[in-house]
Amino acid sequence: MKLLVIGSGGREHAIAKQLLHSEKVETVYVAPGNDGMARDGLELVDLAISEHEALIAFAKEKGIAWTFIGPDDALAAGIVDDFEKAGLKAFGPSQKASELEWSKDFAKTIMAKYQIPTADYQTFTDFEDAKAYIQSKGAPIVVKADGLALGKGVVVAETVDDAIEAAREMLLDNKFGDSGARIVVEEFLEGEEFSLFAFANGETFYLLPSAQDHKRAYDGDKGPNTGGMGAYSPVPHLPQEVIDQAVAKIIKPTLQAMVKEGRSYLGVLYAGLILTADGPKVIEFNARFGDPETQVILPRLTSDFAQAIDDILNDKPATLTWLQEGVTLGVVVASNGYPLGYDKGVKVPITKNHDIITYFAGVTNKDNHLISSGGRVYMLVTTQNTVKDAQDVIYHALENENTEGFFYRKDIGSKAL
Ligand code: AMP
Ligand code: GLY
């Protein structure tokens, strides 16, 4: 089988590498991929994720069995619909189904209609209305741009003034363009965050091990929100009972709702959850795998990944088995300044340790080495008996390589200690 993965980050490196493990898979192409992936035997395709027609022509020419879609913007642009119209299979939700991610108002409407636990909210396009609502609710309160905003469209406001300012920037100053022309204002929820993922086809789904991301740039959850600075899986202190509750009250009814709404969901469903005093509630849905969660979940798969996705795509029962012991932990190394402006062109160290997997993101070849070309540059991942052991392995490796020009959080996994 020949497969194609769409995307270029660490998440896509992990997906493609895991697919290549399968005995049935000859070649995994990644479009556009990154130069670090080529070191793992993945084939790069010089096409952008937005070039649907060229990607379809490529898939036909190479006889690609199916395509795995990594990023949200490709889904929102209808890449799966275009592939299907061309008679090609793709693992990812249709444009209509991925609205769960690309419109927060749509996601909230579905949750309200089907009683899926989430924060109370109201949606606004008018600034004065939003202001009046914020004043009536008080702070803390959360203001969210409706559309995709690279994880930056959420303001957790400590004061009424900050919330009003955020609403003003989105609705009047067009800070996020069309994405912020409509906003969701919602209740602030308190509790520990975690992520649950499922491979879904209609109402059938397979739950993946839990994971926890670290969204803030600096230690102690300080600094600006990023795409994610590190993760571990499973979350050892998360009781099974909470996971069961999240499946029964969130994952299952959401997939059923999507079928009822005529938007049957195929692909990875990502539930960003918060464990409140009233049980788990939804912070957000994403219509794809998480980055960096994928990089700590997929190495725990002990069965054949490509076979499972092939079965799910073909409406057959799939087998997915996961490592039952230990924990998989990964730390992202990012360019100094990320997520704001940052330098590029810094030499990327190569980690040589058999216990560590390197997933590359913002890297490019120069002469015979890799240099940085993006915000998140690479991620080191290891599986060990405990979170502490895994931290020791990764941080020991990082302390012994030249990370000048880069930074990383030194407390990934510490909430589990
Ligand atoms: P999102 O992009 O929706 O995942 O939001 C980014 C981050 O903002 C989340 O990871 C949370 O830490 C925080 N957040 C979002 N919504 C809420 C909420 N209703 N209550 C508390 N924190 C929230
Ligand atoms: N790790 C957060 C995300 O993928 O959206």
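Suppose every Lys and Arg Cβ carries +1 and every Asp and Glu Cβ carries -1, with no other charges. What dipole size does region 176-215 come out with about its Cα centre, to the nearest 20 debye?
It works out to roughly 200 debye.
In the structure displayed, which of Lys89/Lys260; Lys108/Lys388; Lys175/Lys415 lie more than 30 Å apart, Cα to Cα?
Violating the 30 Å Cα-Cα cut-off are Lys108/Lys388; Lys175/Lys415.
Mind sorting Trp322, Trp102 by how few other Cβ atoms lie within 10 Å of their own Cβ, fewest first?
Neighbour counts put them in this order, fewest first: Trp322, Trp102.
Compute the semi-axes of the equivalent ellipsoid of region 1-152, taking the square root of 5 times each eigenvalue of the Cα gyration tensor, and list them largest first in whole Å.
38, 16, 14
Between Gln135 and Asp173, how high is the FRET efficiency from 1/(1 + (r/R0)^6) when r is the Cβ-Cβ distance and R₀ = 22 Å? Nearest 0.05.
Taking R0 as 22 Å, the efficiency between Gln135 and Asp173 is 0.65.
As a check on your grasp of the helix formula, calculate [θ] at 222 nm for the chain: sum -39500 (n - 2.57) over DSSP H runs of n ≥ 4, divide by the residue count, round to the nearest 500.
Result for the chain, helices only: -8000 deg cm²/dmol.
Bin all alpha-carbon pair distances of the chain at 20 Å intervals from 0 and give each bin's fraction as a whole percent.
27, 61, 13, 0
Please give the direction-averaged projected area of the C-alpha convex hull for region 92-233, in square nanometres with one decimal.
9.5 nm²
Rank these for me by crowding, His214, His21, His13, going from fewest to most other beta carbons within 10 Å.
In order of increasing Cβ crowding within 10 Å: His21, His214, His13.
Let me spell out the model: positive unit charges on the Cβ of Lys and Arg, negative unit charges on the Cβ of Asp and Glu, origin at the Cα centre of the chain. What dipole size does that give, in debye rounded to 20?
420 debye
For the residues Tyr265, Tyr218, what sequence is obtained by ranking on other C-beta atoms within 10 Å, fewest first?
Tyr218, Tyr265
Would you mind checking the radius of gyration and Dmax of region 7-94 based on alpha-carbon positions, in Å?
12.1, 34
Mind giving me the nanometre distance, one decimal, between the label points for His237 and Ser50, set 7 Å out from Cα along Cα→Cβ?
Taking the simple label geometry, His237 and Ser50 are separated by 4.3 nm.
How large is the translational diffusion coefficient of region 215-363 in µm² per second when you combine the Kirkwood radius over alpha carbon pairs with Stokes-Einstein at 20 °C and 1.002 mPa s?
Calculated translational D: 118 µm²/s.
Rounded to whole Å, give me the distance from the Cα center of region 46-89 to that of region 181-215.
Measuring centre to centre over Cα atoms gives 26 Å.
Can you grab the distance from the C-alpha centre of region 280-327 to the C-alpha centre of region 328-347, Å, no decimals?
For region 280-327 versus region 328-347, the Cα centre distance is 26 Å.
Karplus couplings for region 162-171 from phi (6.51 cos²θ - 1.76 cosθ + 1.60, θ = phi - 60°), rounded to Hz, Gly and Pro as x?
Once rounded to whole Hz, the list reads 5, 5, 5, 4, 5, 5, 4, 4, 6, 7.
Using a Förster distance of 25 Å, how high is the FRET efficiency between Ile350 and Thr319, based on the Cβ-Cβ distance and rounded to 0.05?
0.10
Apply the Karplus parameterisation 6.51 cos²θ - 1.76 cosθ + 1.60, with θ equal to phi minus 60°, to every residue of region 402-413 and state each ³J(HN,Hα) to the nearest whole Hz, in sequence, with x for glycine and proline.
Here the 3J(HN,Hα) series is 7, 9, 4, x, 10, 9, 8, 6, 9, 10, 5, x Hz.
No value in this document is a laboratory result; all are computed from the given coordinates. Predicted, not measured: the structure shown is a model, and the values here were computed from it. Cβ coordinates were reconstructed from backbone atoms using ideal geometry, including for glycine residues, and neighbour counts include every protein chain displayed.
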